[in-house]
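Chemist: I have a structure I would like to understand better, so I am pasting it below and will then ask my questions one at a time.
The values are calculated or read from the model by the stated rules, or taken from the named source; none is laboratory data. What you see is a predicted model, and the numbers here were worked out from it, not measured in a lab. Heads up, the Cβs are rebuilt from the backbone with ideal geometry, glycines too, and the neighbour counts pull from every protein chain shown. Only protein heavy atoms, including side chains, enter the accessible area calculation; ligands, DNA and RNA are left aside. Shrake-Rupley method; radii C 1.70, N 1.55, O 1.52, S 1.80 Å.
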Amino acid sequence: MHLKTVLLTRPPGANEALAVLFRDFGLSPIICPLINLLAKPVDQEMKRISLDLDRYDKIIFVSKSSVSFGLPLLENHWPQWPISLEWFSVGQGTAEALNQYGVVASFPDLAGSEGLLALAGLQKVAGEQILIVRGAGGRELLGRSLGESGASVTYLETYRRRLLQHDFSNLVPGTIVILTSAEILENFVSLSGDRLREYHVVVPSSRLEDIAQSYGFQQVTNAGGASDEALYDAVIKAIDTSGKANA
């Protein structure tokens, strides 16, 4: 029997396009954000970093949210981007978000900090100034690794996260659950009690795949990216896999 229900848990406003794709395929998407993202008030430090953009050799965006919150702030001070600045994104979805602002960014085939660090453009960074745009309290692997390679790393934190609560007691077994960040995944775990084995989760990276398995999820599909296309393809793959297993 095919899985029919897909739970979409990204922040408000980030699920609708994907829901349309699933409906067109004949699935029943449920939009249920598990995290909300709130813009940080622009303080003097954020303004100073933005004004100093031309001092950086490279700029890295770690999510589509870092683009939606960070690019407008930077655009306020830079109607034209510094010519020498090299742009990087954590994956294809984030690169597509940057492209909407006219920015072409390098990104890894397999989304994630690990893939980013393997890019040729981030191999020889000793002595370089690198700006990482992210939310408050983001993952440290990227900045730490670049710092250990001799780069000077600065963070521009433009938003903060707030977890949202939901009742999943009526969620049917076999539901496919899309979990695109560690915070979203951990929130879903806390709200689902001992029912984790009942769901098939789709995640965007090997890191989140490992985290999901460590919590006890038995069915985990790694989409290899957080773009709508990657997540859609992964869900269809999960349905096909389940259908064959139950045939």
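Chemist: Which ones in region 1-18 are in contact (Cβ under 8 Å) with a residue 60 or more places away in the chain and open to solvent by less than 10 Å² (accessible area, probe 1.4 Å)?
Modeler: Those that are in contact (Cβ under 8 Å) with a residue 60 or more places away in the chain and open to solvent by less than 10 Å² (accessible area, probe 1.4 Å): V6, L7, L8, T9, L18.
Chemist: Given the residues N187, N222, which is the only one that is in contact with an Asp or Glu (Cβ under 6 Å, 6 or more places away or on another chain) and of a type outside the set (A, V, I, L, M, F, W, C)?
Modeler: After ruling out the rest, the residue left standing is N222.
Residue-wise test of (1) of a type outside the set (V, I, T); (2) open to solvent by 10 Å² or more (accessible area, probe 1.4 Å); (3) in contact with a Phe, Trp or Tyr (Cβ under 9 Å, 6 or more places away or on another chain).
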residue	(1), (2), (3)
V20	no, yes, no
D24	yes, yes, no
L37	yes, yes, yes
S63	yes, yes, no
S68	yes, yes, yes
Q92	yes, yes, yes
Q100	yes, yes, no
D109	yes, yes, no
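Chemist: May I pose another question? Where in region 1-84 are the helices (runs of 4 or more DSSP H), entirely inside, with at least 1 residues that are farther than 26 Å from V203 by Cβ?
Modeler: Here the list reads 44-51, 64-75.
Chemist: Any idea which of (1) outside any loop (DSSP other than H, G, I, E, B); (2) open to solvent by 10 Å² or more (accessible area, probe 1.4 Å); (3) within 26 Å of C32 (Cα to Cα); (4) of a type outside the set (D, E, K, R) is the one G138 doesn't satisfy?
Modeler: Failed condition: (1).
Conditions tested, residue by residue: (1) crowded, with 19+ Cβ neighbours inside 10 Å; (2) under 22 Å from the mean Cα position of the chain (by Cα); (3) more than 30 Å from D54 (Cα to Cα); (4) not aromatic (F, W, Y).
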position	(1), (2), (3), (4)
S145	no, yes, no, yes
T158	yes, yes, no, yes
T180	yes, yes, yes, yes
L191	no, yes, yes, yes
R197	no, no, yes, yes
V203	yes, yes, yes, yes
L208	yes, yes, yes, yes
S227	yes, yes, no, yes
V235	yes, yes, yes, yes
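Chemist: Identify, by number, the condition in (1) aliphatic (A, V, I, L, M); (2) open to solvent by less than 10 Å² (accessible area, probe 1.4 Å); (3) within 19 Å of R55 (Cα to Cα) that A126 doesn't meet.
Modeler: With respect to (1) aliphatic (A, V, I, L, M); (2) open to solvent by less than 10 Å² (accessible area, probe 1.4 Å); (3) within 19 Å of R55 (Cα to Cα), A126 is out only on (2).
Chemist: Which of the residues belonging to region 116-131 are aliphatic (A, V, I, L, M) and more than 30 Å from I31 (Cβ to Cβ)?
Modeler: Selection gives L117, A118, L119, A120, L122, V125, A126, I130, L131.
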